[in-house]
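For reference, the structure discussed in these notes is given below.
The values are calculated or read from the model by the stated rules, or taken from the named source; none is laboratory data. Since the model is a prediction, treat every value here as computed from it, not as a measurement. Glycine gets a Cβ as well: all are built from the backbone with ideal geometry, and neighbour counts include every protein chain shown.
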Amino acid sequence: MRRIEIDDDVYAELERNVKGFEQPNDVLRRMLLEKGHSTAGSPAVPSPAAPSIPGALTALIEKGFVKPGDALSHVQVRKGRRFAATVEADGWIRTELGRYKEPSPALGKLVGTSIDGWAYWIHDPTGKSLRQLRAESGATGRGGR
């Protein structure tokens, strides 16, 4: 196996693109080889499938209440801060800090305190909280209180 040196910012970008249990090397393999790119005429080698744990928004996606790529937002009016996230196809939430299976940790990391993401993430296309969407969908669970 050959080794390469990469800059810290490149490594950080690889970590931001990790899906499931992937390692940075798996991200490189996915980004470079699965798209059919190859070097020196060698065929592209498929990467092993990364196990995917469904995120908390999977039921909302399956029922059509949320779509992959939809924006989520939270505004702290008094502090003048706005936070953004994106719904991913596997039901996970992506923020500038990473990927999260559940809404509360995703929002909590951004605001710096424990917060109910189901109540305070707003689904931009509908203007409703994730909790409202979950209740309308008939889903049950911690977010459907």
statement: Within segment 91-104, of all residues that are more than 18 Å from L60 (Cα to Cα) and without any contact (Cβ under 8 Å) to a residue 24 or more places away in the chain, the one surrounded by the fewest Cβ atoms within 10 Å (Cβ to Cβ) is E96
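I'd like the full set of residues that are in a loop (DSSP other than H, G, I, E, B) and not hydrophobic (A, V, I, L, M, F, W, C), limited to segment 76-105. Steps first, answer last, please.
Of the residues in segment 76-105, the ones in a loop (DSSP other than H, G, I, E, B) are 77-80, 88-92, 96-97, 101-102.
R78, K79, G80, E88, D90, G91, E96, K101, E102 - these are the residues of segment 76-105 that are in a loop (DSSP other than H, G, I, E, B) and not hydrophobic (A, V, I, L, M, F, W, C).
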task: Could you grab me the full set of residues in segment 73-88 that are exposed (fewer than 14 other Cβ atoms within 10 Å of the Cβ) and of a type in the set (V, I, T)?
output: V75, V77
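Each row is one residue, and each column tells you yes or no for (1) surrounded by 18 or more Cβ atoms within 10 Å (Cβ to Cβ); (2) at pLDDT below 95; (3) out of contact with any Phe, Trp or Tyr (no Cβ under 6 Å at 6 or more places or on another chain); (4) in a helix (DSSP H, G or I).
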| position | (1), (2), (3), (4) |
| --- | --- |
| L110 | yes, yes, no, yes |
| S114 | no, yes, yes, no |
| A119 | no, no, yes, yes |
| T126 | no, no, yes, no |
message: So, A56, is that one modelled with pLDDT of 90 or more and assigned to a loop (DSSP other than H, G, I, E, B) or not?
response: yes
